[in-house]
Amino acid sequence: AAAPAEVQLSRRRWVVLLLFSSYSLCNAFQWIQYGSINNVFVRFYEVSAFAIDWLSMSYMLAYIPLLFPVAWLLDKRGLRLIALAGSALNAVGAWVKLGSMKPHLFPVTVLGQVICAVAQVFILGMPSRIASVWFGSHEVSTACSIAVFGNQLGIAVGFLVPPVLIPNVEDVEKLTYHISIMFFMTAGVASALFVLVILVFKEKPPNPPSRARASIQSRPTAEYSYVQSVLRLLRNTNFLLLMVTYGLNVGCFYALSTLLNRMVIHHYPGEEVNAGRIGLTIVLSGMVGALISGIWLDRTKTYKQTTLVVYIMSLVGMIIYTFTLSLGHLWVVFVTAGTLGFFMTGYLPLGFEFAAELTYPESEGTSSGLLNVSAQIFGIAFTIGQGQIMDHFGTKAGNLFLCSFLFLGTIMTVFIKADLRRQQANLENEQT
């Protein structure tokens, strides 16, 4: 029998994690850069608010059919190829958008956004895989949180920067100039990150970082079947419950982010910059929540309990936000939105890590990919549904619509059993 590989941590792991977080940030920024100043782009391109909403929803729509081919590629060709494809497409999409600097060129900006949406498919399923391949068992949840962190920071920057760079001016030439600055900056950053991925990003460390990873790497390749892996996941009741509850929670977050500008402008006219800052507050507080969740999981391994508490608090935060949005005090909206973000966005890495535990030794890319498909499907449905409800019945009715689904997700989370297979594998390997 082959001798077991020596378990050793690589110093390069933090560089790989930081680089992934950076190009994930750039891609997430491009997702929300239109939605955070929805009313400005509606006027510039002379299209409906729903058309601008679709620029955000294109990310969700592209993910659903492309998940399985990309997850298969991740399993067959590894992390490096996926990282190169994701960062390259992200840069190409950013440059295409520079060709849409006239009001009649809206189809060109749609094309650029669709390319970025395809890039996102090569990014969203990576955090738990990078954490598992590069990080030890005592730091894997923290690493996953930091990987998700980059994506959330990109959304935060997407809420903050566009309202500052692009003032709501009447002059179309001035508007064109300000939009072009944002597009040029994004293209430059995306291109630099692609070059860094080529130079720095490696497939895997010289030695496995944990016993669980060493066990997977020692398994003969012929034993692994991607189709069988997906089928096993879809027969795992606990994972199916998590997949639905994750989709409900993250779908609510996607809808809230996409429609936030419309909600705030409705109650506080002319406050585009503050609408962006409220979005920033949601995401930044969520990043703190995500990091605390990751550290807490590494210390306690209480996946089920932590997930349930965070879900309940997301529901409570959404209810409070719903009933305080229309009070007429912006500072109250900042506080309630920040509280909501802490739990709702903090839930993201929890879902990935809980799924990795429930489905070990299946590929983390496949399990997190299925979670993301669920999130995209619910995200599209909730964005369209809440948008229509807001148009006909007001923002409070739209937010109550989301509250009802968060309540359903909370009830379903109670029924997930904490079958922590990855922890069990680590314990067994240590004992033998």
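The values are calculated or read from the model by the stated rules, or taken from the named source; none is laboratory data. Bear in mind that the values here come from a model prediction, so they are computed numbers and not experimental data. Positions of Cβ are backbone-derived with ideal geometry, glycine not excepted, and every protein chain shown enters the neighbour counts. Note: accessible area is taken over every heavy atom of the protein model, side chains too, but ligands, DNA and RNA are not part of it. Shrake-Rupley method; radii C 1.70, N 1.55, O 1.52, S 1.80 Å.
Some notes on this structure:
- Cα gyration tensor of segment 149-221 - equivalent ellipsoid semi-axes, whole Å, descending: 44, 15, 8
- FRET efficiency, Lys417 to Ala214 (Cβ-Cβ, R0 30 Å, nearest 0.05): 0.65
- Ile312 - accessible surface, heavy atoms, 1.4 Å probe, Å² rounded to 10: 70
- C-alpha long axis of helix 364-393 to longest principal axis of the chain, angle in °: 20
- Positive end of the dipole of the chain (Cβ unit charges, origin at the Cα centre): among Asn27, Leu280, Leu297, the Cα lying farthest that way belongs to Leu297.
- The charge dipole of segment 10-214, taken about its Cα centre with unit charges on the Cβ of Lys, Arg, Asp and Glu (plus for the first two, minus for the last two), comes to roughly 1040 debye.
- When Met185, Met101, Met60 are compared by accessible area of protein heavy atoms, the largest-first order is Met185, Met101, Met60, using a 1.4 Å probe.
- Spatial separation of Cα centroids for segment 262-287 and segment 84-129, in angstrom: 24
- Accessible surface of segment 10-214, 1.4 Å probe, proportion on carbon and sulfur as whole %: 71
- Degrees, to the nearest 10: 106-124 long Cα axis against longest axis of the chain: 20
- A 1.4 Å probe run over the protein chains yields, for the chain, 39 Å² of accessible area per residue, whole-number rounding.
- When shorter helices are ignored and each DSSP H run of at least 4 residues is given -39500 (n - 2.57), the per-residue value for the chain at 222 nm works out to -27500 deg cm²/dmol.
- Nearest-ten-degree value, helix 347-359 long axis tilted from longest Cα axis of the chain: 30
- Placing a pseudo-label 7 Å from each Cα along the Cα-to-Cβ vector at Phe323 and His392 gives an inter-label distance of 2.6 nm.
- Prolate/oblate/rounded call for segment 53-114, Cα gyration tensor, a/c under 1.5 rounded: oblate
- Share of carbon and sulfur in the accessible heavy-atom surface of segment 224-427 [1.4 Å probe, %]: 72
- A simple charge model with +1 on the Cβ of Lys and Arg, -1 on the Cβ of Asp and Glu and nothing else charged puts the dipole of segment 391-432 at about 120 debye relative to its Cα centre.
- Overall Cα dimensions of segment 248-327 - principal axes, largest extent first, Å: 46, 21, 20
- Size of segment 271-376: Rg and Dmax of its alpha carbons, in Å, are 15.6, 52.
- Debye, to nearest 20: dipole size of the chain, +1 on Lys, Arg Cβ, -1 on Asp, Glu Cβ: 800
- Over all pairs of different C-alpha atoms, the chain has a mean inverse distance whose reciprocal, the Kirkwood radius, equals 21.8 Å.
- Three-way shape label, segment 224-427, alpha-carbon gyration tensor, a/c 1.5: prolate
- With only the Cα atoms considered, segment 10-214 has a convex hull volume of 105 Å³ per residue.
- When the charge dipole of the chain is built from unit charges on Cβ atoms (+1 for Lys and Arg, -1 for Asp and Glu) and taken about the Cα centre, the candidate among Ser374, Val157, Val195 whose Cα reaches farthest toward its positive end is Val195.
- Dipole-positive endmost among Tyr311, Val230, Phe44 within the chain (Cβ charges, Cα centre): Val230
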